[in-house]
Amino acid sequence: MNLKFAFLFMLAAVLGTSTSGSSHAQDYPNKRVTLIVPFPPAGPMDILGRLLADRLARVWGVPVITANHPGAGGNIGIKRCAESPPDGYTICILSIAQTIAPSIYANPGFDPVKDFTHISLLATLPSLLLVDPALPVHSVKEMIALAKAKPGVLNYSSGGSGTSTHMLMEQFKHQAGVDIVHIPYKGQAPALVDQVSGRIAVSFGTIIAAQSFVKDGKLRAIAVTTKERFPLLPNIATIDESGLKGFDGGSWAGLVMPAGIPRPIVNKVNADLQEILKSPAFKEKILSMGGITVRNSPEEFAAFVTAEVATWANVVKTAGIGSN
């Protein structure tokens, strides 16, 4: 009798939890949601995050507040995300940098696979190879020639150790056989500002963050990092077709929550997000800024993140970059 009572009690508890989860999903969200961006304002992740926060606020009918927590290549903010309550009221931008971090840092403070509930990839963000207009360089071949003529003299900026802008240049240096000095910043926006001021010779910058400087003539774009040319910049050649065969890379952004979010809430956020991402107006807006929207399921995004961790671990090993 006691065993029967215990079984019924446990069954009721499980059913109650399941019902509660569904109920929460129906009511969710019913208060302010915080979207953590682990990079400074005005950078590519911030631009995308704020645009997404605005669209989600319209759909949900509650404020979605963007909170910037930059530092350590995005590690500080994403660690804060992982440590937030799994109640659905903290959502976060996860970038390529967080899948690189485990290979760069001995202890980044989070696991990009295990410590998050993965919602969906948002967009891929191709990068441009940028040079100071004062530099006598107009192509990849000319840049490589200059770097080889002045080993260790040219410098390059990145949004921080372990970010895509860091890894792309290390990949470039390895393939081209050149020595260019790394200067890390606390985000891509301040890195680009210093390059515009003439303190930095070359860099990789996402189109979404760099195109205004290129259009104004403050920076010169000599190549794009992806295998195919960017649709809105058809005259800028790819690095692959410029001599470094097989070069292909860029950044990306996705949406995550802390681990342990109830599945009904995950499903709702993913479904609402897919509607936003497939909107022609949103897709065109992202394209005009330099990105390409991507839609997938929580499972697909989790698998993508797992694969990225493995890919960048191999790049780090090949490039001989040690842990900081």
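The values are calculated or read from the model by the stated rules, or taken from the named source; none is laboratory data. In this text the structure is predicted, and so the values were computed from the model without any measurement. So basically every Cβ, Gly included, is an ideal-geometry build from the backbone, and we count neighbours across all protein chains shown.
Numbers at a glance
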| item | result |
| --- | --- |
| Test result for G254, surrounded by 14 or more Cβ atoms within 10 Å (Cβ to Cβ), on the phi > 0 side of the Ramachandran plot and within 20 Å of the chain's Cα centre (by Cα) | no |
| L94 vs. criteria more than 17 Å from V309 (Cβ to Cβ) and aliphatic (A, V, I, L, M) | no |
| Any hit, segment 149-156, residues being touching a residue at least 12 places away in the same chain (Cβ under 8 Å), of a type in the set (S, T, Y) and crowded, with 24+ Cβ neighbours inside 10 Å | yes |
| Failed criterion for T124 (all others in (1) touching a Leu at 6+ places or on another chain (Cβ under 9 Å); (2) touching a residue at least 40 places away in the same chain (Cβ under 8 Å); (3) within 24 Å of N235 (Cα to Cα) hold) | (1) |
| Out of A53, A101, A97, A67, sole residue that is at pLDDT 95 or above, outside any strand (DSSP E or B) and assigned by TED's automatic domain parsing to the domain that holds V309 | A53 |
| Index of the failed condition, V113 passing every other in (1) within 24 Å of T311 (Cβ to Cβ); (2) crowded, with 21+ Cβ neighbours inside 10 Å; (3) of a type in the set (A, V, I, L, M) | (2) |
| Residues (out of contact with any strand residue (DSSP E or B) (no Cβ under 7 Å at 6 or more places or on another chain) and either surrounded by 18 or more Cβ atoms within 10 Å (Cβ to Cβ) or not in a helix (DSSP H, G or I) (or both)) located in segment 265-294 | I265, K268, I276, K278, S279, M289 |
| Failed condition for M143, given (1) buried (at least 21 other Cβ atoms within 10 Å of the Cβ); (2) in a strand (DSSP E or B) | (2) |
| In segment 218-251, the residues that are of a type in the set (S, T, Y) and either under 15 Å from L130 (Cα atoms) or surrounded by fewer than 18 Cβ atoms within 10 Å (Cβ to Cβ) (or both) | T225, T226, T238, S242 |
| Residue match in segment 16-23 (condition: outside the structural domain of V266 (by TED's automatic domain parsing) and either in contact with a helix residue (DSSP H, G or I) (Cβ under 8 Å, 6 or more places away or on another chain) or modelled with pLDDT of 95 or more (or both)) | yes |
| Options D132, D216, D179; residue that is in contact with a Pro (Cβ under 6 Å, 6 or more places away or on another chain), of a type outside the set (V, I, T) and farther than 20 Å from Q98 by Cβ | D179 |
| Filtered residues of segment 151-172 (kept if modelled with pLDDT under 95 and in a loop (DSSP other than H, G, I, E, B)) | G159, G160, S161, G162, T163 |
